[in-house]
Amino acid sequence: MSYEESKKAYAAFGVDTDAALEKLKTVPVSLHCWQGDDVRGFGTGPSKPLTGGIQTTGNYPGRARTPEELMADLDVALSLCPGTKKINIHASYAIFEAGEWADRDKLEPKHFQKWVDFCKTRGLGADFNPTFFSHPKCDPLTLSSPNEETRRFWIGHGKACVRISQYLAQELGQPCVMNIWTGDGFKDIPGDRMGPRVRYKEAIDEILSEPYDFRLVKPCMESKVFGIGVEAYTAGSAEFALSYAAFNRDKCIPLMDNGHYHPTEVVSDKIPALLAFFPEIALHVTRPIRWDSDHVVLYDDETREICREIVRCGGLEGRVNIALDYFDASINRVSAWTVGFRNLQKSLLFALLQPNEALKALQDSGNFTRLMVLQEELKTAPLGEVWAEYCRRCGVPGDGEWFQTVETYESDVLGKRG
Ligand code: RNT
Ligand code: ZN
């Protein structure tokens with residue numbers, strides 16, 4: 001079936017495929033730099049183990065070991081991904097001059113100048129994240145630590161990151177989402193659940209007292225249920241993070257990672273709940289399998305449902321900041337980036353090709369029989385050719401065409417890394 005035929009098939013549902021393609025092109029999606037090197041970063045030495053209760057598994061060859069390698073790998077992935085892209089950078093990816101080093105609380109905008117150059121030459125925006133893990137000053141708590149010195153260090157890091165985020169936004173001329181997530185918590189039953197949360201709250205108050213323009217820097221509060229080795233208690237729980245954002249609406253926004261909820265909860269349903277109250281929210285799109293395993297995002301039911309809610313709740317009008325967050329070290333990392341990014345775009349396309357007004361009208365008139373029939377039939381509407389047309393219009397290879405580039409890059413470059 002050609003694009004023109006697919007266009008007619010969607011027109012029969014009352015859907016304009018050209019309008020969907022035009023819209024999709026403009027939606028920023030943030031690609032996380034940390035898939036390229038298994039969340040190792042550059043700042044604290046390459047052998048520093050990953051902490052904070054997150055885990056990468058696998059030892060696939062070709063991990064990026066330097067800023068140059070990471071940027072080269074990103075370039076390959078970016079060339080295979082359609083749409084508007086941002087790069088999501090962690091503070092642990094600071095780039096120092098030879099002989100120079102600064103600890104996390106002393107990081108400066110200049111340590112991210114190479115990232116700014118990278119983004120500028122490619123017309124990309126950037127998002128940012130303080131790195132409250134994989135560092136000797138995790139005791140193992142950070143912002144919620146009872147140790148004053150530990151807390152001061154991490155507050156200093158948070159403030160430095162606000163300044164860096166402001167710099168990134170100003171340099172690149174678009175907002176920078178700055179996500180606050182810590183792995184603070186306990187392996188076993190705590191003796192005090194409130195103390196760490198009160199300290200965490202006060203620490204964030206201090207971090208956000210650092211001056212910034214809220215139109216440019218969007219601090220986020222990301223919640224979590226548990227982590228590896230942090231099974232019993234998480235300071236930044238769902239209620240904690242959401243309450244913080246709700247009580248500080250002039251300073252920050254909530255962020256939901258769909259790996260961070262109990263297994264039968266779905267973020268798709270939480271999007272309209274939050275948008276009923278918050279002007280703006282942020283998402284980490286990932287794929288949990290049984291736990292917060294951060295598998296590569298697929299074109300699956302929940303990813304599509306998340307995208308359907310983003311689209312029909314007006315999320316594409318600047319109300320939902322979309323980022324990817326997963327890390328698989330068991331497969332080719334450039335492919336992991338590309339598959340996840342393309343699947344998110346494909347799911348957004350699926351969502352934009354729904355006759356949302358008609359579906360809403362069926363619901364409001366109580367016609368649930370027809371609502372079910374229509375939603376089922378839309379699942380097999382000819383999306384494939386519309387997707388192929390989107391890839392063509394964005395100047396990137398279509399399905400069946402891009403993987404060869406990754407294979408060549410693996411044999412020429414990745415496979416030769418030690
Ligand atoms: C961890 C959180 C967090 C991290 C990144 C690296 O569970 O999802 O967002 O994945 O900051
Ligand atoms: Zn996340």
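A few comments on the model shown:
- A straight chain from Glu317 to Lys8 at 0.36 nm per residue would run longer than the Cα-Cα distance by 108.5 nm.
- Under 5 Å from the amide H of Tyr233 lie the amide H atoms of Phe186, each residue being 5 or more positions distant or on a separate chain, with H modelled from the backbone and absent for Pro and chain starts.
- With contacts taken as Cα pairs under 8 Å at a separation of at least 6 residues, segment 90-177 carries a relative contact order of 40 percent.
- Global geometry of segment 279-390, whether rounded, prolate or oblate, following the gyration tensor of its Cα atoms and the 1.5 cut on a/c: prolate
- Between Met256 and Ala282, Leu283, His284, the built amide H atoms are under 5 Å apart, and every one of these is 5 or more places off in sequence or on another chain.
- Radius, Kirkwood style, for the chain when every pair of distinct Cα atoms is counted (Å): 22.1
- Between helix 403-412 and the chain there is an angle of about 40 degrees, using the helix long axis and the longest principal axis of the Cα atoms.
- Cross-link partners of Lys416 among lysines (Cα-Cα below 24 Å; sequence separation of 8 or more within a chain): Lys48
- Relative to one another, the C-alpha centroids of segment 314-340 and segment 48-87 are positioned 11 Å apart.
- Within segment 186-291, percent of DSSP bridges classed antiparallel, to nearest 5: 35
- For segment 10-155, the ratio of Cα radius of gyration to the globular rule of thumb 2.2 N^0.38 Å stands at 1.28.
- DSSP beta bridges fully contained in segment 117-257 are about 25 percent antiparallel.
- Under 13 Å, Cβ to Cβ, from Glu68 - net charge with Lys/Arg +1 and Asp/Glu -1: -2
- In degrees, nearest ten, helix 148-172 long axis to first principal axis of the chain (Cα): 40
- Counting only DSSP beta bridges with both residues in the chain, the antiparallel share comes to about 15 percent.
- 3J(HN,Hα) from dihedral phi, segment 328-336, Karplus parametrisation 6.51/-1.76/1.60, rounded to Hz, x for glycine, proline: 10, 9, 9, 9, 3, 6, 5, 5, 4
- Close amide H contacts of Met178 (hydrogens built in the peptide plane, cut-off under 5 Å, sequence separation of 5 or more or a different chain): Phe128, Lys218, Cys220.
- A simple spin-label model places the labels of Ile331 and Val266 2.3 nm from each other, with each point 7 Å out along Cα-to-Cβ.
- Once the Cα atoms are used to define both axes, helix 194-207 deviates from the longest principal axis of the chain by about 80 degrees.
- Total formal charge among the other residues, if their Cβ is under 14 angstrom from that of Glu100, Lys/Arg +1 and Asp/Glu -1: 0
- Value of relative contact order over the chain, rounded to a whole percent, pairs C-alpha under 8 Å and six or more apart: 21
- For the chain, built as a Gaussian network whose Cα springs stay under 10 Å, the top-fluctuating residue of Met221, Met71, Met194: Met194
- With the gyration tensor restricted to C-alpha atoms of segment 127-177, the semi-axes of the equivalent ellipsoid amount to 26, 10, 7 Å, longest first.
- Sparse packing (at most 16 other Cβ atoms within 10 Å of the Cβ) combined with a DSSP loop state is found for the following chymotrypsin sites (Phe, Trp or Tyr not before Pro) in segment 1-55: Phe13.
The numbers here are math on the coordinates, done by the rules we state, and not lab data. As the structure is a prediction and not an experimental result, all values here were calculated from the model. Cβ coordinates were reconstructed from backbone atoms using ideal geometry, including for glycine residues, and neighbour counts include every protein chain displayed.
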